[in-house]
Amino acid sequence: MSKLVKGMIIQDYESRFADVEDATLISIRGVESNNNNAIRAQLGAKDIHVSVVRNALAKKAFEGRGLGALGPLLEGPSALAYGAESVVEVARELIELIKKFPEVELKGAVLDGELFEGADGIERLSKFPTRDEAIAQTVTLILSPARKLVSSIKGPGSKIASLVKAIEEKLEKGEAIAKV
């Protein structure tokens, strides 16, 4: 391949993956074409893109960027899976995917510059909360003490209100109220 063509491919990778900071690396070698199409369709439905990359050129294009951490894993046939809301969702989908298509090899992933190597790394990454889940957990933690405080304040007041209601009902029926 000529130097000019290599330069064009590197530029293509740089522009195509300019906004991609987090991704997973897989190998789809040995996957039959029909299964390959099924995999891409299943991932595409979840807004996950799969791009086969040339290792040496991808290393040069990713150098100094978030995806640069994938450099050591760029050996053998490689495809970049990215998209969805976060790389955590991509990892979750890939974990489900290999149950149906075990010939897909999970090579690793990168999240915020941290490298998760191999299938174990992607499995570990899939257990992380997504951004929305993390926000929900944080809000729950913040509101939890306030809920406890409100229930503590509200508790005695509701007891008094139920006593007053019971006294009111007895008086309306004409019953006498015993002294305490």
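Going by what's in this entry, would GLY76 be described as surrounded by 14 or more Cβ atoms within 10 Å (Cβ to Cβ) and at pLDDT below 90?
no
Can you name every residue in region 94-114 that is within 16 Å of the chain's Cα centre (by Cα), crowded, with 19+ Cβ neighbours inside 10 Å and not aliphatic (A, V, I, L, M)?
GLY108
Can you tell me which of LYS154, LYS170 is without any contact (Cβ under 8 Å) to a residue 12 or more places away in the chain and surrounded by 12 or more Cβ atoms within 10 Å (Cβ to Cβ)?
The unique qualifying residue is LYS170.
So which residues in region 8-43 are under 17 Å from GLY83 (Cβ atoms), among the small types (Gly, Ala, Ser) and touching a strand residue (DSSP E or B) at 6+ places or on another chain (Cβ under 8 Å)?
Once the filter is applied, which keeps residues that are under 17 Å from GLY83 (Cβ atoms), among the small types (Gly, Ala, Ser) and touching a strand residue (DSSP E or B) at 6+ places or on another chain (Cβ under 8 Å), region 8-43 yields only ALA23.
Which members of region 19-44 meet the condition of being under 24 Å from GLY121 (Cα atoms), among the small types (Gly, Ala, Ser) and surrounded by fewer than 19 Cβ atoms within 10 Å (Cβ to Cβ)?
Scanning region 19-44 gives SER27, GLY30, GLY44.
What number of residues within region 26-59 satisfy the criterion of being of a type in the set (D, E, K, R) and under 22 Å from ASP112 (Cβ atoms)?
3
Checking GLY83 against (1) modelled with pLDDT of 90 or more; (2) within 17 Å of the chain's Cα centre (by Cα), which test does it fail?
The failed condition is (1).
Show me the helices (runs of 4 or more DSSP H) entirely contained within region 1-77 in which 2 or more residues are assigned by TED's automatic domain parsing to the domain that holds ALA119 and either among the basic types (Lys, Arg) or touching a Lys or Arg at 6+ places or on another chain (Cβ under 8 Å) (or both).
Of the helices (runs of 4 or more DSSP H) lying wholly inside region 1-77, those with at least 2 residues that are assigned by TED's automatic domain parsing to the domain that holds ALA119 and either among the basic types (Lys, Arg) or touching a Lys or Arg at 6+ places or on another chain (Cβ under 8 Å) (or both) span 3-16, 55-62.
Listed residues ILE142, ILE95; which is modelled with pLDDT of 90 or more and either touching a Phe, Trp or Tyr at 6+ places or on another chain (Cβ under 8 Å) or farther than 30 Å from LYS3 by Cα (or both)?
ILE95
The values are calculated or read from the model by the stated rules, or taken from the named source; none is laboratory data. None of these values were measured; they are calculated from a predicted model. For neighbour counting, all protein chains shown are included, and Cβ atoms are generated from backbone atoms with ideal geometry for every residue, glycine included.
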